[in-house]
Amino acid sequence: MLANDLRALRKSRGLTLAEIALKLGRSVGWVSQVERGLSTPSIGDLRAFAELFGVPISLFFAHEAPVEVERGVVVRSGRRRTLGSNESGLVEELLSPDLGGSFEMLRSIFAPGAGMAKPVTRPTEEAGYVVSGGFDIEIDGTWHSLGEGDSFRFDHKPFRWRNPGSVPAVVIWVVAPPVY
């Protein structure tokens, strides 16, 4: 649900309603109503939220569960939200129903030869499981070459990745708290 995702993004970045309102040029009341699902933001508002949080706007276009009892619980394979693009070398599918929980789960597909140029540090604990292909990850200055069935975990450490192989690498990635 959009409201839960916006609230989770704000909280994961340690921002208050007032700070968000100021950055968006909106009232605190309006931001609060959006986070509670009482107001619906326009496409322009969604672009502003996406830019503010540093996420793709596509994140906000959920594929709702076809059956009400599955909403917020089940994500069917054909209804995943896709993030990223082939041009970036990384396409991710959100496996979690939304960003409202204490973690997010992603299916990350790393293109052959793609890589992250510079390490980044996020205020998160992260773990991953290599489903297929080869995948290298640098954690806190040390490179690790992983293959199918290997896994990793790190907490608040600088990291970057690369796919040295000739086939896509598929990794299930868990991030707590959610950052998308």
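Among the residues of the range 80-92, is any part of a loop (DSSP other than H, G, I, E, B), over 21 Å from ALA176 (Cα atoms) and modelled with pLDDT under 90? If you could, list the steps in order and put the result at the bottom.
Within the range 80-92, the first condition is being part of a loop (DSSP other than H, G, I, E, B), and the residues that meet it are 80, 89.
Right, trim to over 21 Å from ALA176 (Cα atoms) and you get 89.
Going one step further and asking which of them are modelled with pLDDT under 90, we end up with 89.
Taking every residue of the range 80-92 in turn, at least one turns out to be part of a loop (DSSP other than H, G, I, E, B), over 21 Å from ALA176 (Cα atoms) and modelled with pLDDT under 90.
With respect to VAL174, determine if the residue is in a strand (DSSP E or B) and either without any contact (Cβ under 8 Å) to a residue 24 or more places away in the chain or closer than 27 Å to ALA50 by Cβ (or both). Write out each step before concluding.
Details: in a strand (DSSP E or B): yes; either without any contact (Cβ under 8 Å) to a residue 24 or more places away in the chain or closer than 27 Å to ALA50 by Cβ (or both): yes.
Against the criterion (in a strand (DSSP E or B) and either without any contact (Cβ under 8 Å) to a residue 24 or more places away in the chain or closer than 27 Å to ALA50 by Cβ (or both)), VAL174 qualifies.
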Does LEU24 fit the bill of being of a type in the set (A, V, I, L, M, F, W, C) and more than 21 Å from the chain's Cα centre (by Cα)? yes
I'd like to check something: does the range 31-38 contain any residue that is surrounded by 15 or more Cβ atoms within 10 Å (Cβ to Cβ) and either in contact with a strand residue (DSSP E or B) (Cβ under 9 Å, 6 or more places away or on another chain) or of a type in the set (A, V, I, L, M) (or both)? yes
Of the residues in the range 121-134, those that are over 14 Å from the mean Cα position of the chain (by Cα) and over 15 Å from TYR180 (Cα atoms) come to TYR129, VAL130, VAL131, SER132, GLY133, GLY134
Do we find a residue being in contact with an Asp or Glu (Cβ under 7 Å, 6 or more places away or on another chain), under 30 Å from GLU51 (Cβ atoms), in a strand (DSSP E or B) and not polar (S, T, N, Q) anywhere in the range 135-151? no
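Quick check: is even one residue across the range 67-79 among the acidic types (Asp, Glu), out of contact with any helix residue (DSSP H, G or I) (no Cβ under 9 Å at 6 or more places or on another chain), part of a loop (DSSP other than H, G, I, E, B) and loosely packed, with under 15 Cβ neighbours inside 10 Å?
So in the range 67-79, the residues among the acidic types (Asp, Glu) come out as 68, 70.
Checking the rest, the ones that are also out of contact with any helix residue (DSSP H, G or I) (no Cβ under 9 Å at 6 or more places or on another chain) come to 68, 70.
If we keep only those that are part of a loop (DSSP other than H, G, I, E, B) too, we end up with none.
The answer is no, given that none of the residues of the range 67-79 is among the acidic types (Asp, Glu), out of contact with any helix residue (DSSP H, G or I) (no Cβ under 9 Å at 6 or more places or on another chain), part of a loop (DSSP other than H, G, I, E, B) and loosely packed, with under 15 Cβ neighbours inside 10 Å.
Search the range 115-134 for residues being of a type in the set (A, V, I, L, M, F, W, C) and at pLDDT below 95, and hand back the single one that is farthest from SER88 (Cα to Cα). Outline the logic, then answer.
First pass over the range 115-134, keeping only residues of a type in the set (A, V, I, L, M, F, W, C): 116-117, 120, 127, 130-131.
Going one step further and asking which of them are at pLDDT below 95, we end up with 116-117, 120.
Working: MET116: 9, ALA117: 12, VAL120: 16 Å.
Looking at the filtered set, the residue picked out is VAL120.
The values are calculated or read from the model by the stated rules, or taken from the named source; none is laboratory data. On a predicted model such as this, the values are computed, not experimentally measured, just so you know. With ideal geometry, Cβ positions are generated from the backbone for all residues, glycine too; neighbour counts draw on all protein chains shown.
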